[in-house]
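Beneath this line is the structure, given in structure tokens, with notes to follow.
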Amino acid sequence: MISELVMVPTDEAVLTGDLVVPGHVPAVVLFAHGSGSSRLSVRNRAAAAELHKAGLGTLLLDLLSEREEREDAATARHRFDIPLLSRRLVAALEWLAQEPNTRDLPAGLFGASTGAAAALMAAAERPERVYAVVSRGGRPDLAGDAIERVAAPVLLIVGGSDEAVLGLNREAAERLSAPHEIHVVPGATHLFPEPGALEEVAEVAGRWFLAHLKERRGPGGRRA
């Protein structure tokens, strides 16, 4: 099992990430956290732990540098800069494609809140690299026109009591040409703090990634 702190270079900054590859995995999932969050998000780390149990690797990445985090805390100038966050995810996808432990693995994207929009934009930019996308309480509407160019299957997970975001997800789903589903967690609010809600998120996300990984592979288990 590989578990290490990694540094991912981008054009504007070097980003810190936590890479976990639990043995011989078939794919790696790159997490894109939401506004005001980080790779240390309790919710994302809990979801990542469940994906490890399902046999998937993960990379939890700080999409902002320490300096940018400080600026964002004071001004909120970066958290809604979806093109910036998307560029960081694309750089991370390229890094994963070069690293010895992940270079032969297809990548999934798991976005939360504004990070979901960045994940969709990155998936549109790198269709050959991204095989599936999951959004948790996301804002896919913020991906703009890029949402119409996403080729990877998309799962939109929303709390049943998060009515405003649920409406935005339903509207965004109508613009997706890729295979997609909306999974509503009954009674859950935006951050899924209700008993069992995060566990349901992790379970359905893992099923989505594994199901579409199988579709990505050709005869003999090779990547199609």
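Bear in mind that the values in this text are calculations on the coordinates, not laboratory data. From a predicted model like this one, the values you see are computed outputs, not experimental measurements. Don't worry about glycine lacking a Cβ; one is built from the backbone with ideal geometry, like all the others, and counts go over all protein chains shown.
General remarks:
- Remark on V134: its backbone amide H falls under 5 Å from those of L109, F110, G111, L155, a criterion applied only to residues 5 or more positions apart or on other chains, H modelled at 1.01 Å from N.
- Net charge dipole, segment 59-169: roughly 80 debye, given to the nearest 20, about the Cα centre with Cβ charges of +1 for Lys and Arg and -1 for Asp and Glu.
- The shape of segment 71-224 comes out oblate: with a ≥ b ≥ c from the C-alpha gyration tensor, a/c is at least 1.5 while a/b does not beat b/c.
- The chain - charge dipole about Cα centre, Lys and Arg +1 at Cβ, Asp and Glu -1, debye rounded to 20: 580
- Estimated FRET transfer efficiency when R0 is 35 angstrom, pair S177-A46 (beta carbons, to 0.05): 0.65
- Footprinting exposure proxy for I157, I182 (fewest neighbouring C-beta atoms within 10 Å first): I182, I157
- In plain terms, the residue of H190, H52 with the fewest other Cβ atoms within 10 Å comes first and the most crowded comes last, giving H190, H52.
- Each label point was placed 7 Å from the Cα along the Cα-to-Cβ direction; for E94 and E12 their separation is 1.5 nm.
- Cα gyration tensor shape of segment 1-100, rounded if a/c is under 1.5, else prolate or oblate by comparing a/b with b/c: prolate
- Per-residue 3J(HN,Hα) values for segment 2-11, derived from phi via the Karplus relation 6.51 cos²θ - 1.76 cosθ + 1.60 with θ = phi - 60°, read 9, 9, 8, 7, 10, 10, 10, x, 10, 4 Hz in sequence order (x marks Gly and Pro).
- Bridge type composition, the chain - antiparallel percent by DSSP, nearest 5: 35
- Segment 32-118: relative contact order in percent, alpha carbon pairs under 8 Å with at least 6 residues between: 43
- Additional length obtainable on full extension of the chain from E163 to E71, 0.36 nm per residue less Cα span: 30.0 nm
- Inter-part distance where segment 137-175 and segment 13-38 are each reduced to a Cα centre, Å: 21
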